[in-house]
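Engineer: Let me begin by handing over the structure; questions about it come next.
The values are calculated or read from the model by the stated rules, or taken from the named source; none is laboratory data. Computed from a predicted model, the values in this text were never measured in an experiment. Cβ coordinates were reconstructed from backbone atoms using ideal geometry, including for glycine residues, and neighbour counts include every protein chain displayed. Accessible surface is based on the protein model in full, side chains and every heavy atom, while ligands, DNA and RNA are left aside. Shrake-Rupley method; radii C 1.70, N 1.55, O 1.52, S 1.80 Å.
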Amino acid sequence: MATAIQRDEAEAHLRAAGLKVTAPRLAVLEAVTGNGHLDADAVHARVLEALPGTPLQSVYNVLGALNEAGLLRRIEPAGSAALYESRIGDNHHHVVCTRCHAVADIDCVVGHAPCLVPSDAGGFAIHTAEVTFWGLCADCRREAVG
């Protein structure tokens, strides 16, 4: 449950993005904020705690609107459902465990966006580089050894 200050901040972010403040938008923002990388089903489960009876399609619609407005970030690791995170506005990448599919953030060591520039952008003005690293997380490495 969000505090009054967190709720006020969420409302301010929605208004600043030009979005109407609604209970589903607030519930989705609250569900995703600070909770890592969640798929729509996980967000829906959290939203149901605050707004019982909310349809999954409504959650998809809100996630799309919040992503489009730049309030959430959508990532799509290969072989995974779309995941949503609240860490926006910086240049970071992701690492995915090939065994348990856990996802974690990795700060870009190069610096500001796009941090990687192709040798030939084919006329494109590059503004973002999205990198996904793959490997075994610490828990899966321990299980493999143990």
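Engineer: About the Cα centre, and with charges only on the beta carbon of Lys, Arg (+1) and Asp, Glu (-1), how big is the dipole of segment 1-58? Nearest 20 debye, please. Before the final figure, lay out each step's value.
Structural biologist: Details: 5 positive and 7 negative charges, 39 e Å.
Roughly 180 debye, rounded to the nearest 20.
Engineer: Could I ask something else about it? Specify the inter-centroid distance of segment 1-50 and segment 94-146, based on alpha-carbon positions, in whole Å.
Structural biologist: For segment 1-50 versus segment 94-146, the Cα centre distance is 26 Å.
Engineer: While we're here: Once amide H atoms are placed 1.01 Å from N in the peptide plane, what residues at a sequence separation of 5 or more from Leu72, or on another chain, have their amide H within under 5 Å of its amide H?
Structural biologist: It is Asn67, by chain and number.
Engineer: Let me ask another. How many nm is it between the label spots at Ile106 and Ala125, if each spot is 7 Å from the Cα in line with the beta carbon?
Structural biologist: 3.0
Engineer: For the pair Leu51 and Val145, how long in nm is the line joining their label points, each one 7 Å along Cα→Cβ?
Structural biologist: 4.6
Engineer: Specify which residue in the list Gly53, Gly135, Val103 is farthest towards the positive end of the charge dipole of the chain, using unit charges on the beta carbon of Lys, Arg (+1) and Asp, Glu (-1), about the Cα centre.
Structural biologist: Result: Gly53, furthest along the dipole toward the positive end.
Engineer: Taking the full set of protein chains and a 1.4 angstrom probe, give the accessible area of Glu9 in square angstrom, rounded to the nearest 10.
Structural biologist: 100
Engineer: What is the log10 of I(q)/I(0) for the chain, computed with the Debye formula using one identical point scatterer on each Cα and no solvent, at q = 0.10, 0.17, 0.18, 0.20 Å⁻¹?
Structural biologist: Debye output, listed in q order: -0.42, -1.03, -1.10, -1.22.
Engineer: Can I ask one more? For the residue pair Ala17 and Ala78, what label-to-label distance in nm results when each label sits 7 Å from Cα along the Cα-to-beta-carbon direction?
Structural biologist: Result for the modelled spin labels: 3.0 nm.
Engineer: Something else about it: Placing unit charges on C-beta atoms (Lys and Arg positive, Asp and Glu negative, everything else neutral), compute the dipole magnitude of the chain about its Cα centre in debye, rounded to 20.
Structural biologist: Working: 11 positive and 17 negative charges, 32 e Å.
Once rounded to the nearest 20, the dipole reads 160 debye.
Engineer: From largest accessible area down, sort Ile5, Ile75; use a 1.4 Å probe on the protein chains.
Structural biologist: Ile5, Ile75
Engineer: Quick check on the chain: helices-only [θ] at 222 nm, where DSSP H runs of length 4 and up contribute -39,500 (n - 2.57) each and the sum goes over total residues. Nearest 500, please.
Structural biologist: Numbers: 5 runs with 55 residues, N = 146.
After summing the helix terms and dividing by residue count, I get -11500 deg cm²/dmol.
Engineer: If only Cα atoms are counted, what is the Rg of segment 63-107, and what is its Dmax, in Å?
Structural biologist: 11.1, 33
Engineer: Counting Lys +1, Arg +1, Asp -1, Glu -1, what net charge surrounds Arg73 among other residues with beta carbon under 12 Å of its beta carbon?
Structural biologist: -4
Engineer: Here's a follow-up. Rounded to the nearest whole Å², what accessible area per residue is found for the chain with the 1.4 Å probe? Please report the intermediate quantities before stating the final value.
Structural biologist: On the way: 8980 Å² over 146 residues.
That works out to 62 Å² for each residue.
Engineer: Please turn the phi angles of segment 79-96 into ³J(HN,Hα) values with the Karplus equation 6.51 cos²θ - 1.76 cosθ + 1.60 (θ = phi - 60°), one per residue in order, whole Hz, x for glycine and proline.
Structural biologist: Working through the residues one at a time gives x, 10, 5, 4, 10, 10, 9, 9, 7, 10, x, 10, 9, 9, 10, 9, 10, 10 Hz.
Engineer: Probe radius 1.4 Å, ligands and nucleic acids left out: which of Cys97, Cys108 has the largest accessible area, and how do the rest follow? Mind showing how you got there, number by number?
Structural biologist: On the way: Cys97 5, Cys108 25 Å².
The ranking, largest first, comes out as Cys108, Cys97.
Engineer: Please tell me the relative contact order of segment 61-146 in percent, rounded to the nearest whole number, where contacts are Cα pairs under 8 Å and at least six residues apart. Please report the intermediate quantities before stating the final value.
Structural biologist: Working: 100 pairs, mean separation 20.3, N = 86.
Worked out over segment 61-146, it gives 24 percent.
Engineer: How much solvent-accessible surface does Ser80 expose, in Å² to the nearest 10, with a 1.4 Å probe and all protein chains in place?
Structural biologist: 50
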